[in-house]
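Working notes, structure below.
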Amino acid sequence: MLPLGGGRMSSAHLNSHSLKLSFAANPTMWPNNSDAPFLLTGFLGLETIHHWISIPFFVIYFSIILGNGTLLFIIWNEHSLHEPMYYFLAVLASTDLGMTLTTMPTVLGVLVLNQREIAQGACFIQSYFIHSLAIVESGVLLAMSYDRFVAICTPLHYNSILTNSRVMKMVLGVLLRAFVSIMPPILPLFWFPYCRSHVLSHAFCLHQDVMKLACADITFNRVYPVVLVALTFFLDALIIVFSYVLILRTVMGIASGEERAKALNTCVSHISCVLVFYITVIGLTFIHRFGKHAPHVVHITMSYVYFLFPPFMNPIIYSIKTKQIQRSILRLLSRHSRT
């Protein structure tokens, strides 16, 4: 859980309580000295019903933790699931849990407790993990597409290609790519001066929000993320599409219609998760690029959809579409009912 700022400010400024009460009417009142904490925002104009808005958020967060936690528990305890496909699924569930636990404290803090302040260091660290985990998710989906490609296109060599050591190297590569590549734009945030408004536009910290508040040359911070997105999200999506083109070509060459359906059925869960993830990415991108005149609440809502919808849907998709996981859940429930 990331620490929130304690709200201590010099006597030269308005006290924190007064600022919180007047924030909705005039956000620019927040002090803009370089060392002041940042101020998170919820749904502007809807502050009076934040407590009601927090109820569906709490339900969604709880569902994400329960669903992904159950997946991890089942994969850990069921030896029949100790296969590359489920190892990657465990990493995906862990990534979704990490994203949830990274954003949940500040989002619920704003909506439930009206706790808007966040220390600068905590803000930068939260931003680092949010963006890193998003790249991890894209990388895991790419690794899972490779798993499906090997399983369908070269099934006789599956066990020799996707050994445990190779799976571990792939996972390590995905993690290193994400957590190292996001450092260059995040590290400068620690030494930038912040002499403009310290008000952020979300209930969590994003790099693009923070850098706009800096009174410094942010050219690198503007250009680098564009290149990074092209080399991660865009390139991953292209490779995933290409892998499924090869998979479809192989499947169409199978003589038996029943075998074709069986082969494609093993890909349904992964394809569904890929669509959920990249559709939300594309939707958020279009809103930010072409929806400048859309109401602020639309931008905020799309951001929450991007961070919450994939982690919420992934365990549901795999629970519905994967028979091995269905059977494991049923065995877990039956054992629990007997006790």
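The packing ranking, built from the mean of other Cβ atoms within 10 Å per residue, places the peptides 144-154, 209-219 in the order 144-154, 209-219, highest first.
May I ask for the angle, rounded to the nearest 10°, between helix 120-153 and the longest principal axis of the chain, with both axes built from Cα atoms and the value confined to 0 to 90°? Here the helix axis deviates by roughly 10 degrees.
Averaging the sequence gap over all C-alpha pairs within less than 8 Å and six or more residues apart, then dividing by the number of residues, gives the chain a relative contact order of 24 percent. Matching the structure-derived P(r) over Cα pairs in 20 Å bins from 0, in percent against the labelled list (1) 27, 52, 19, 1; (2) 21, 53, 25, 0; (3) 25, 46, 20, 5, 3, 0 gives the label (1). Unpaired cysteine residues in the chain (no second Cys Cβ under 4.7 Å): Cys153, Cys267, Cys273. Compared with the alpha-carbon gap, the fully stretched path from Val112 to Phe58 is longer by 18.5 nm at 0.36 nm per residue.
Label sites at Lys323 and Leu246, each approximated as a point 7 angstrom past Cα along Cα to Cβ, lie 2.7 nm apart.
The modelled label-to-label distance for the pair Asp217/Ser160, using points 7 Å beyond Cα in the direction of Cβ, is 5.6 nm. Residue-normalised convex hull volume from the C-alpha trace of segment 202-293: 127 Å³ per residue.
Output the 0 to 90 degree angle, nearest 10, between the alpha-carbon long axis of helix 84-113 and the longest principal axis computed from the alpha carbons of the chain. So the helix axis and the longest Cα principal axis differ by about 20 degrees.
Charge tally around Val91: other residues with Cβ under 12 Å, Lys/Arg +1 each, Asp/Glu -1 each, net -3. Helix content alone sets the calculated 222 nm mean residue ellipticity of the chain: runs of n ≥ 4 DSSP H residues at -39500 (n - 2.57) each, divided across all residues, give -23000 deg cm²/dmol.
Values in this text are rule-based calculations from the coordinates and carry no lab data. Here the structure is a predicted model, which means the values were calculated and not measured. Here Cβ is always computed from backbone atoms with ideal geometry, including for glycine, and neighbour counts include all displayed protein chains.
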